[in-house]
1. Relative to the first principal axis of the alpha-carbon coordinates of the chain, what is the inclination of helix 113-139, with its axis defined by its Cα atoms, in degrees from 0 to 90 and to the nearest 10?
2. Please sort 21-34, 333-346 by packing, taking for each peptide the average over its residues of neighbouring beta carbons within 10 angstrom, highest first.
3. Between ARG356 and VAL119, how high is the FRET efficiency from 1/(1 + (r/R0)^6) when r is the Cβ-Cβ distance and R₀ = 22 Å? Nearest 0.05.
4. What size of dipole, in debye to the nearest 20, comes out for the chain about its Cα centre when the only charges are +1 on Lys and Arg C-beta atoms and -1 on Asp and Glu C-beta atoms?
5. Kindly provide the pair-distance distribution of segment 12-167 built from C-alpha pairs, with 5 Å bins from 0 and whole-percent values in order of increasing distance.
6. Putting +1 on Lys and Arg Cβ atoms and -1 on Asp and Glu Cβ atoms, find which of TRP95, ALA25, LEU331 reaches farthest to the positive end of the dipole of the chain.
7. For LEU111, enumerate residues with amide H under 5 Å from its amide H, sequence gap 5+ or separate chain, H modeled in the peptide plane.
8. Taking the Cα-to-Cβ direction at THR43 and at MET16 and moving 7 Å from each Cα, how far apart do the two end points lie in nm?
Amino acid sequence: MMGHRTPETLTASLLMMVLLACGAAGFAIWSGEIKPPSRNWLTFAGIMTALVVLYVLPLPLLARLFGPYPETLQDYPGLALNTWSPDPGATLRGWAAFTALFVFAWLGRALPGPLRHWVFLSIVGMALFQAVYGLLSHAGGVDTIFGIWPRNNPDWVHGSYSNRNLFGAYLALTWPLAVGLWFVRGVPGIHRLPLELRVTGSVLCGAIIGAAMLGSGSRLGSAAGVFGILLALMLWGRHRRLIHGASAWPAYIAAAGALVAATWYGLTPLAERLLATTGEESRLEVFRIMLTEFPVAWWIHGVGLGGFEAVFKQFQPGDIRGWYDYAHNDLLQWGIETGLPGLLLLGAVAWKMLRRFRMNTERIALYAGLAALCLVALGDFSWHIPGTQVVLAFYIGALLR
């Protein structure tokens, strides 16, 4: 369920994510030690919910005014277009995911330091599991995931993720944290270890996750991961006082160890994919169609969460034969599905993060991972995958402290 994209696993993952979020929120508030979301947070959630309600309410007037329906369909005799969103079920599922992720982000902001560090330990542990499982499965020639699903990319490392690109992006998000967490004060079981052991742990974690990421053969994921770890190294090197008890050199060794470990698989296939200039023309064509052929009004009022899959079919040319349930550009898809209101909400989060900008070992790792996944968002849809979404939401909440 971390990254498999069959309808059954996506539905099960969403259901599990929502139930766990509701349970975590209820327990946190019941304990009395964590304050409920502030008025600003509730206002943000209220605006998003109101927008979704408008998209799914059975109001023919809104469907006629704002619905992304072609004129031939609107004039078809006997056909009643009742909802603004062309796929109200997908819109409601998107709202359910937003609600769960909102809770995880709030917990990232509200949890006290010791509890937050336990969550970070869990995130790093899961990333290590994904990396080790992917490396061992690839080395052993295993052609299934957990003995259940066939591997879509058996020649590459991709853990339990069905797609190597989604796997590479997940590791790019978590790699800086796996390297830097060893030098964060107060992390349970780590902060009291001798410096030599913390350096060793940082190098091993960085090498294993980095090797699996490069072994995935994902061009965008690997490039984003390298960008993220270099950003972390630059910030840690510039603010050496933030890494308590060590300079930035362990992080450099961890990055170098990843490259050395990746040579076991051979970096030539990845290099060949990086140098290739073909294979992504259809994605670029999708971007061009969205920017030049989609009506301007859609970018203003949106077509509803999950609506891209339906509206793109109106413009998909015959030479693009793939089934585009995602735009492979999360920013463009967010813009077309939520319009100007959604972009304003996204801008509000970015502005609040800028106002909360601080430098320490923990935050640098989160900033670097977030920057890597923002780069991935320009050419893929990792922001839609549950296993990655939960980590991303917790990062954002922690950075809004």
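1. 90
2. Numbers: 21-34: 13.5, 333-346: 18.6.
Highest-to-lowest ranking by the protection proxy: 333-346, 21-34.
3. Values: r = 19 Å, r/R0 = 0.84.
Between ARG356 and VAL119 the formula returns 0.75.
4. With only Lys, Arg, Asp and Glu charged at Cβ, the dipole is about 1820 debye.
5. 2, 8, 11, 12, 12, 11, 12, 12, 10, 7, 3, 1, 0
6. Ranked along the dipole, the leading option is ALA25.
7. Close amide H contacts, sequence-distant or interchain: none at all.
8. Once both label points are built, they end up 3.7 nm from each other.
Each reported figure results from applying straightforward, stated rules to the coordinates on display, with no laboratory input. Note that the structure is a prediction, hence the values are computed from the model and not measured. Don't worry about glycine lacking a Cβ; one is built from the backbone with ideal geometry, like all the others, and counts go over all protein chains shown.
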